[in-house]
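The values are calculated or read from the model by the stated rules, or taken from the named source; none is laboratory data. Worth saying up front: this structure is predicted, and the values here are computed from it rather than measured. Neighbour counts are summed over all protein chains in view; Cβ atoms, including those assigned to glycine, are modelled from backbone coordinates with ideal geometry. The area values use the complete protein model at the heavy-atom level, side chains included, leaving out ligands, DNA and RNA. Shrake-Rupley method; radii C 1.70, N 1.55, O 1.52, S 1.80 Å.
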Amino acid sequence: MVKLRWIVFGLLVAFVVSLASTTASQVIQAQQPKIYTMGMLSDLRTTNTMRTIRTASVWEAYVLGPRHCSLFGLSPTRFYYIPSLAASVPYKPGTTELNLQKEGDLLTLTVDLKKGVKWSDGTEVTADDVVFSMYEGPTIFGGGDFAKGVTTLGGAWTVLLDPNVLVKVEKTGSHQVKMFFKQANLRIQWAILFADIFQKAYWEPKFRANAGDRAKLEALEVNDEPACGWGAMPEALKAPGVGWQRGAFATNVAQPNYFWKGVKVDERDAQGNYSEEKPGVYTYKQPVPPAAGPELARYEIGPFIDRASYRIFADTSSAVAALIKGEIDMLLNPLGADPGIRAQYRTEPKIKTQDNKSHGMFYQSFNLRRKPFGSGPLQKDPKFRDDDIIGSRFRQAWNCLIDRDFTTQTLFQRVAFSLQTVVSPANAFWFNEKLRAPCDEFSEQTDKTAARAKKVAAATAILKSVGFTWVKEPKADTTSGAVTAGEGIVLPVILGSADAAAGAAITVPAGTIAVGAKVPLGTKATLTAGAAKAESDAAGKVSLALPAGTTSVTLSAAGKVYFYGAGDKTKDRMPTVNFIYPNSAYDPRRALFGVQTEKWLNQIGVPVRGVPTGFNVIVTKVFDEQDFDVWSLGWSLGGLTPPDYLESFFHSRHTDIGDDNPQGYSNPEVDALLDEFLKTLDLNKARELVFKIQEILLVESPYVPLFDTVIVDAWRDDKVVYPFVERTQGIVGLGGMPALVKLR
């Protein structure tokens, strides 16, 4: 699925009841516009679809998601794969396998569209719109080259319309399209068929006028864009008001041509089917797995409102106060709620709350283009670019110092839970529960006396294994718990490298104080220096601080060895690390984690300066500019589907400006595993690959997963009614359910 900076456009899918009025007062009341007012904790950056497809924040998803349709989606409460614009899921008869057909060297898939779906301007959604959105538009933008157009558009475009998979899309009827693929690939079902469809008549001239220039295309004022979802901005419907006033509010108006209005949905009927029915128009059924847990949702799609109003607040406390006062009906808050906020909610009996499981990840990450955070082809320093060990060990030491359990259980008062890997335990089939983050066995939650000292000792040893030194080395007594902070960490000097034959002694250059080595993935190797030795990790990397007087080392398998010397205490001192994370007004938990991390790193002599920063500023610096040292943000990971986001976050092809690997992690062996994962249609084999990828990323630590929170939905029970309130990702995961909510 495609990720956003806190939400995946995962079913902000739009699902009015006629007003039976008998008294004069009811008639007068019915004539008043029905406005559903929600609070948001951050402003939008844009209302332009083309920018939000590339890189959208959660707040843009909430407001702009209601414009859009896609061929397929997921059912809201149980995440079944269902058709949206498509008339049905094109499975092979009697299976849940896509009906791909072989045509020459390519595979094809034919998709029939629903008839009668209309844009907000009254024109019909046809195959022309689908072909333009998925093929012709990017081809025009790329000067006649589809792959070039997708790559130039960048970001999520390269996932949704992956040119390594999708070749072209053709119109084979007014309401039928045929897609051509290079290969069978998980991404066909879980990304490409979820791509946004937008109106050809509106966007084609804009693509032609701005071909090849992403900045100009994304800078266009497009509040009047026609919508096929439940809502559009007032400008698109020539309705009173404006769609967005920066820093104040945004507005969507119910569009009168919304096709799904009045559709009745049963997510598992008596016959074991997911069913939709629009009386007199269409009926659709498909089998679903046996029911589990609470009764599945049954509801009618609206909208039952005239407008959705999104009020933008400068901080969480102001938004919470507005909900308590009844100034807003519901708070869109994907960040969870601490005990203090929960206590405030309890002061107003008209506020209801619901805890829901979350499927997301709060994390920290690094700019691997800058030393010592990373090594590899994107590294600016040529010696660090050629080295394969230092960056991973520095990130591992950073990860080692993090105390997740103490922070989530004590400082956060148990409103969050620790994350060990880049796959959430909420997605149980794909989560490798055997993995633990580096040094996670040491926590002040269970060992208040010595855990911090043990973490400092372990992190110091990791850094010394690749040649870091200090003006004043940190000292840690792992018995008493006493820690003497380090000062002035000094970067190692890379003295050279050599190819090593298995078991052969390798002479180390004069001045070598540590050695690193890399062996092929899956090879177990031991690096030995006299009585000292170390084992290779899941990424095939091993490092070792050398005992005094060492003249040679031995690697038990063939590989490459790197030699590290002590840096100059003046010219090689590590500069101050600027660590940007959300400020406490926006997210007190990440702000607190940021403060703690700054303290932990400074304790071992790494000069970290925490910089609490506005959410949109972080997104811009990291994804649009790649101008940062270390940052912290969060992802919502959408439905419980195969985690193809791993390829987006960690494959080297997604490292350009605007892409989802802004940290610049580049590992050819991980690239190969990610490619194999996407090509594997056998879910059990794909699971094995994801487990292996998780294990490698854990020791490489391009991301430091921190925690996730329970979603705490809060709303005014005296003002709104939802058809269901229990679902993974909560009510906020459906953008507040503006197409399903009813006003009292």
First in region 541-553 and farther than 18 Å from Ala461 by Cβ, second anywhere and among the small types (Gly, Ala, Ser) and assigned to a strand (DSSP E or B), Cβ under 6 Å, 6 or more apart: Ser552/Ala505
Verdict on Tyr284 being closer than 29 Å to Asp121 by Cα and aromatic (Phe, Trp, Tyr): yes
Any pair with Cβ under 6 angstrom, 6 or more apart, that starts in region 653-669 at a residue that is at pLDDT below 90 and ends at one that is of a type in the set (Lys, Arg) and assigned to a helix (DSSP H, G or I): Gly658/Arg54
Filter result for Glu136 (open to solvent by 30 Å² or more (accessible area, probe 1.4 Å), more than 20 Å from His651 (Cβ to Cβ) and part of a helix (DSSP H, G or I)): yes
Region 366-402: number of residues that are within 24 Å of the chain's Cα centre (by Cα), modelled with pLDDT under 95 and farther than 19 Å from His651 by Cα: 0
Checklist (1) touching an Asp or Glu at 6+ places or on another chain (Cβ under 7 Å); (2) open to solvent by less than 20 Å² (accessible area, probe 1.4 Å) applied to Arg51, failing item: (2)
Segments classed as helices (runs of 4 or more DSSP H), wholly inside region 22-115, with at least 3 members that are closer than 16 Å to Gly735 by Cβ, modelled with pLDDT of 95 or more and of a type in the set (A, V, I, L, M, F, W, C): none
Those residues of region 405-443 which are open to solvent by less than 40 Å² (accessible area, probe 1.4 Å), in a loop (DSSP other than H, G, I, E, B) and within 30 Å of Trp470 (Cβ to Cβ), in sequence order: Gln420, Ala437, Pro438, Cys439, Asp440, Ser443
Condition check for Gln183: modelled with pLDDT under 95 and either in contact with a strand residue (DSSP E or B) (Cβ under 8 Å, 6 or more places away or on another chain) or of a type in the set (Gly, Ala, Ser) (or both): yes
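Going by the structure shown, is Ala538 in a strand (DSSP E or B), within 21 Å of Pro438 (Cα to Cα) and open to solvent by less than 60 Å² (accessible area, probe 1.4 Å)?
Values: in a strand (DSSP E or B): no; within 21 Å of Pro438 (Cα to Cα): yes; open to solvent by less than 60 Å² (accessible area, probe 1.4 Å): yes.
Taking the combined requirement at face value, the residue does not satisfy it.
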Complete set of residues in region 699-715 that are open to solvent by 20 Å² or more (accessible area, probe 1.4 Å) and within 15 Å of Arg436 (Cα to Cα): Val699
Subset tally (residues that are touching a strand residue (DSSP E or B) at 6+ places or on another chain (Cβ under 7 Å) and either open to solvent by less than 30 Å² (accessible area, probe 1.4 Å) or aliphatic (A, V, I, L, M) (or both)) for region 481-501: 12
Any hit, region 374-391, residues being touching a helix residue (DSSP H, G or I) at 6+ places or on another chain (Cβ under 6 Å), closer than 30 Å to Asp627 by Cβ and either of a type in the set (S, T, N, Q) or surrounded by fewer than 17 Cβ atoms within 10 Å (Cβ to Cβ) (or both): yes
Selection count where residues are within 22 Å of Gly511 (Cβ to Cβ) and surrounded by fewer than 19 Cβ atoms within 10 Å (Cβ to Cβ), scope region 555-564: 1
Condition met for Thr550 (of a type in the set (Val, Ile, Thr), surrounded by fewer than 18 Cβ atoms within 10 Å (Cβ to Cβ) and in contact with a strand residue (DSSP E or B) (Cβ under 6 Å, 6 or more places away or on another chain)): yes
Region 186-207, subset of a type in the set (A, V, I, L, M) and in a helix (DSSP H, G or I), residue modelled with the highest pLDDT: Ala201
Counted residues, region 446-480 - those being open to solvent by less than 30 Å² (accessible area, probe 1.4 Å), basic (Lys, Arg) and either part of a loop (DSSP other than H, G, I, E, B) or touching a Ser or Thr at 6+ places or on another chain (Cβ under 9 Å) (or both): 1
Filter result (closer than 26 Å to His359 by Cβ, modelled with pLDDT of 95 or more and of a type in the set (Val, Ile, Thr)) within region 321-346: Ile328
Residue match in region 716-733 (condition: in a helix (DSSP H, G or I) and buried (at least 23 other Cβ atoms within 10 Å of the Cβ)): yes
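A quick yes/no check of all residues on (1) in contact with a helix residue (DSSP H, G or I) (Cβ under 6 Å, 6 or more places away or on another chain); (2) open to solvent by 10 Å² or more (accessible area, probe 1.4 Å):
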| position | (1), (2) |
| --- | --- |
| Gly154 | yes, no |
| Pro163 | yes, yes |
| Ile192 | no, no |
| Ala215 | no, yes |
Among the residues listed as Gly262, Gly241, the single one being of a type outside the set (Lys, Arg), at pLDDT 95 or above and open to solvent by 10 Å² or more (accessible area, probe 1.4 Å): Gly262
Looking only at region 344-358, and only at residues there that are surrounded by fewer than 24 Cβ atoms within 10 Å (Cβ to Cβ) and not charged (D, E, K, R), the one that is farthest from Val619 (Cα to Cα): Pro349
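Residue-wise test of (1) in contact with a helix residue (DSSP H, G or I) (Cβ under 6 Å, 6 or more places away or on another chain); (2) open to solvent by 10 Å² or more (accessible area, probe 1.4 Å); (3) closer than 29 Å to Lys455 by Cβ; (4) at pLDDT below 90.
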| residue | (1), (2), (3), (4) |
| --- | --- |
| Arg573 | no, yes, yes, no |
| Pro588 | no, yes, yes, yes |
| Glu625 | no, yes, no, no |
| Asp629 | no, yes, yes, no |
| Thr641 | yes, no, no, yes |
| Asp675 | no, yes, no, no |
| Lys679 | no, yes, no, yes |
Where a residue in region 672-696 is at positive phi and its partner, wherever it lies, is modelled with pLDDT under 95 and assigned to a helix (DSSP H, G or I), with Cβ under 6 Å and at least six apart: none
Residue in region 514-532 that is open to solvent by 70 Å² or more (accessible area, probe 1.4 Å) and in a strand (DSSP E or B) present: no
Conditions (1) on the phi < 0 side of the Ramachandran plot; (2) assigned to a loop (DSSP other than H, G, I, E, B); (3) surrounded by fewer than 23 Cβ atoms within 10 Å (Cβ to Cβ): number failed by Ile328: (3)
Criterion violated by Ala127 - all others in (1) open to solvent by less than 30 Å² (accessible area, probe 1.4 Å); (2) within 28 Å of the chain's Cα centre (by Cα) satisfied: (2)
